[in-house]
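J.: What follows is a structure written as structure tokens; I'll ask about it next.
Derivation of every value follows stated rules applied to the coordinates shown; laboratory data play no part. Remember, predicted model here, so these are calculated numbers, not experimental data. Note that we place each Cβ from the backbone using ideal geometry, even for glycine, and neighbour counts take in every protein chain shown.
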């Protein structure tokens, strides 16, 4: 990456950003026009418009691309960070193996379930046990899908199940450990209230949810499971975008 950045004019962060922007811009232009990306040293060269309609369309598409980069590149940078931590998790999964990840999840969630059986009423214990099964299955599926299939499988399935396996432990731990409630459940409640007031107000959806559902007990776990899938798709998409701009070595 550093060599390419220097050859593109300027090393370090500035050069890397320039290379990233050129790749994104070239990929965008190539959606509508041929030979736009990485054609600097090609025999055929970069395609250029020859007629007035082509020039107008080319400049219009180029303007849209520049405006899109203003929004897209910060997300790409976030994708680089997400990819870094995803690699850390993936290396851990590789060392442990699918069976090892599943066994570790069973050990952790089994301990939480036993604690819930000791401290909570039977109904609450059953809810924690159900969440434990969901978390163990999610961890196993995330490890499996990260190793099976291609990038599409990872984005569609591995990332959402990984988010579920990450989100459920602190929520369930807070349900069985009252001292954790101010650090997990109360921020979750504030976040849910913010969503209802700012995002889910369309069509009166917030009023329907407030009237028919109460955020208490196992509902916190259900809420974070619901968040894990769109968030997993979002993060997986950012990693895919980062791989497009700056492919993994």
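J.: Given only helices, namely DSSP H runs of n ≥ 4 each adding -39500 (n - 2.57), what is the per-residue ellipticity at 222 nm of the chain, to the nearest 500 deg cm²/dmol?
T.: The per-residue figure over the chain is -27000 deg cm²/dmol.
J.: Each label point is 7 Å from the Cα along the Cα-to-Cβ direction; what then is the distance between the points at residue 181 and residue 219, in nm?
T.: Taking the simple label geometry, residue 181 and residue 219 are separated by 1.5 nm.
J.: So, one more: What is the spin-label model distance, in nm, from residue 207 to residue 240 if the labels are put 7 Å beyond Cα along the C-beta direction?
T.: So the two model labels end up 3.8 nm from each other.
J.: Determine, from the Cβ-Cβ distance of residue 51 and residue 75 and an R0 of 25 Å, the FRET efficiency 1/(1 + (r/R0)^6), rounded to the nearest 0.05.
T.: Once the sixth-power term is evaluated, E becomes 0.10.
J.: May I ask you to derive the relative contact order of the range 131-221, considering only C-alpha pairs under 8 Å and at least 6 residues apart, and to give it as an integer percent?
T.: 25
J.: Hey, can you rank 187-198, 170-181 by average C-beta count inside 10 Å, highest first?
T.: Final packing ranking: 170-181, 187-198.
J.: Note down the nm distance, to one decimal, between modelled labels 7 Å out along Cα→Cβ at residue 126 and at residue 153.
T.: According to this spin-label approximation, the distance is 3.7 nm.
J.: Normalising by the residue count of the chain, find the relative contact order in percent from Cα pairs under 8 Å and 6+ residues apart.
T.: Rounded, it is 20 percent for the chain.
J.: Which of the peptides 130-139, 75-84 is most tightly packed, and how do the rest follow, going by the mean number of other Cβ atoms within 10 Å of each residue?
T.: Ranking the peptides 130-139, 75-84 by packing returns 130-139, 75-84.
J.: Between residue 199 and residue 31, what length in nm is gained on full extension when 0.36 nm per residue of separation is reduced by their alpha carbon distance?
T.: Gain on extension, residue 199 to residue 31, equals 57.3 nm.
J.: While we're looking at this one, here's another question. Here are some values of Rg/Rh (Cα atoms, Kirkwood Rh): (i) 0.93; (ii) 0.96; (iii) 1.10. Which one was computed from this structure?
T.: Label of the calculated value: (iii).
J.: Hey, another quick one. Going by average Cβ density within 10 Å per residue, which order do the peptides 157-164, 60-67, 223-230 take, highest to lowest?
T.: 157-164, 223-230, 60-67
J.: Report the gain in length on full extension from residue 91 to residue 18: 0.36 nm times residue separation, minus Cα-Cα distance, nm rounded to one decimal.
T.: 23.3 nm
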